[in-house]
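The values are calculated or read from the model by the stated rules, or taken from the named source; none is laboratory data. Quick caveat, the model's predicted, so the values are computed rather than measured. Here the Cβ positions follow ideal geometry from the backbone for every residue, glycine too, while neighbour counts run over all protein chains shown. Keep in mind that these areas ignore ligands, DNA and RNA; they rest on the heavy atoms of the full protein, side chains included. Shrake-Rupley method; radii C 1.70, N 1.55, O 1.52, S 1.80 Å.
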Protein chains: 2
Amino acid sequence: MDGADDRRFLDLAIEQARIGWSEGGVPIGAALVHDGQVLAVGRNRRVQMGSAIRHGETDCIENAGRLPATVYRASTLYTTLSPCFMCAGTALLYEIPRIVVGENRTFEASEEWLRSHGTTVDVVDDPECVALMERMLRERPALWAEDIGEEA
Amino acid sequence: MDGADDRRFLDLAIEQARIGWSEGGVPIGAALVHDGQVLAVGRNRRVQMGSAIRHGETDCIENAGRLPATVYRASTLYTTLSPCFMCAGTALLYEIPRIVVGENRTFEASEEWLRSHGTTVDVVDDPECVALMERMLRERPALWAEDIGEEA
C-alpha cells in the first residue's frame, strides 16, 4: 500500500466524519481496509443511535460483520481521530496490525499503549481532521465531553 | 456495598451468560450497577446479532444507554469472565472504578492494565462461571476463538 492509497482510504473516513457532523453527531469516521479492499466504513453514532459504544472505529468494525481472525490480522484501520482506549482495545483484540490516524492534536490517549503491543500507528496530521474536531470542541463541547467519558 | 450485594449482581450476570448459551451464543454476561441500582444487564451477542463488538460488557454498557460521566464513575461492572482489551478499554474510557470478575481461569488479558490505571478488579473465582466457559471451550471452540480474535 502506498501513500496515495492511504490518502484515499483516509478520505473515506473523513467523508463519514462529515456525515456524522451533518447528522448532529460527533464528526469522527473510520474505514477498515483489507488487501486494498474496503471492508466497511463507519462513524461515531452516539447521537444517531443513542449509543455509548458506537465510536467511529467500533461502528466501522461492527459494520464489517463477523470476520475471520486472519482478515483482521492483515487489515488497516483508518480513523480521523486518534483512538480512545475502547477503540484501541478493539483493534488489539482483533490484532489489527496498523492504524492510520487523521490527527492526534485534539485528542490522544492510546498510541503508546498500541505501539507497546506492536501496532503500527501512523499519524497523518491532516488539517481537515483537525478542523472537524476544532469545530466540534467549539460548538458541541458537552457532547464531546460525554463521548470521552468526561464531565461537561 | 457488601459481599451479598456482589453475589446478587454477579448472579444477574451469570443469568445473562446462561441465556446467551441457550441462544447458541457465547456464555458471558454482565451487569452495570450504580448506587445499588441495576442500570443494565447484557450478554455476548456475537451470534445473536452477528456482532463483532457486543461482548458481555459492551452489550451491557450499550443497553444502559447514554449516561453522564458522573454515573459511570460511581458504578461497578460485573462480568462473568475477565475482560478482553475491548471491554477493559470501554471501562477505562468511562472510568468505571471497579470491576467484579466471575473468573479469570479460562481467559485473562487486561487485569494488569486495568489496575495500572487505578481500576479495582476483584476476582470471585466462581465455579459456575468457570463451568460455563469450560463447556464453551469444549463444545464451541471455533466460536470462542473468533470471539477473542484467534484463529480457530
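Listing for the model above:
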| read-out | value |
| --- | --- |
| Among residues of segment A:56-90, those that are within 27 Å of residue A:131 (Cα to Cα), within 7 Å of another protein chain (Cβ to nearest Cβ) and either at pLDDT below 95 or not in a helix (DSSP H, G or I) (or both), counted | 1 |
| Of residues in segment A:63-73 being within 16 Å of residue A:97 (Cα to Cα) and touching a Leu at 6+ places or on another chain (Cβ under 9 Å), the one surrounded by the fewest Cβ atoms within 10 Å (Cβ to Cβ) | A:71 |
| Extreme residue, nearest to the other protein chains (Cβ to nearest Cβ), among residues of segment A:103-150 that are within 24 Å of residue B:113 (Cβ to Cβ) and open to solvent by 70 Å² or more (accessible area, probe 1.4 Å) | A:150 |
| Residue selected from segment B:84-135 under the condition touching a residue at least 40 places away in the same chain (Cβ under 8 Å) and charged (D, E, K, R), by the criterion nearest to residue B:16 (Cα to Cα) | B:128 |
| Selection from segment B:43-62 of residues that are farther than 18 Å from residue B:76 by Cα and open to solvent by 10 Å² or more (accessible area, probe 1.4 Å) | B:45, B:47, B:48, B:49, B:50, B:54 |
| For residue B:36: the one exception among (1) within 12 Å of another protein chain (Cβ to nearest Cβ); (2) surrounded by fewer than 24 Cβ atoms within 10 Å (Cβ to Cβ); (3) of a type outside the set (A, V, I, L, M) | (1) |
| Filter result for residue A:53 (modelled with pLDDT of 95 or more, part of a loop (DSSP other than H, G, I, E, B), at the interface with another protein chain (Cβ under 8 Å from one of its Cβ atoms) and within 16 Å of the chain's Cα centre (by Cα)) | yes |
| Evaluation of residue A:14 against (1) assigned to a strand (DSSP E or B); (2) in contact with an Asp or Glu (Cβ under 8 Å, 6 or more places away or on another chain); (3) among the hydrophobic types (A, V, I, L, M, F, W, C) (one fails), failing number | (1) |
| From the options A:99, A:14, A:19, A:28, residue that is at pLDDT 95 or above, open to solvent by 50 Å² or more (accessible area, probe 1.4 Å) and more than 12 Å from every other protein chain (Cβ to nearest Cβ) | A:19 |
| First in segment A:39-54 and over 22 Å from residue A:71 (Cβ atoms) and touching a residue at least 24 places away in the same chain (Cβ under 8 Å), second anywhere and of a type in the set (S, T, N, Q) and open to solvent by less than 30 Å² (accessible area, probe 1.4 Å), Cβ under 6 Å, 6 or more apart | A:45/A:51 |
| Whichever residue in segment B:1-11 is of a type outside the set (A, V, I, L, M) and open to solvent by 10 Å² or more (accessible area, probe 1.4 Å) and, among such residues, is nearest to the chain's Cα centre (by Cα) | B:11 |
| Residues that are of a type outside the set (A, V, I, L, M, F, W, C), in contact with a Lys or Arg (Cβ under 9 Å, 6 or more places away or on another chain) and not in a strand (DSSP E or B), drawn from segment A:91-125 | A:94, A:95, A:97, A:119, A:125 |
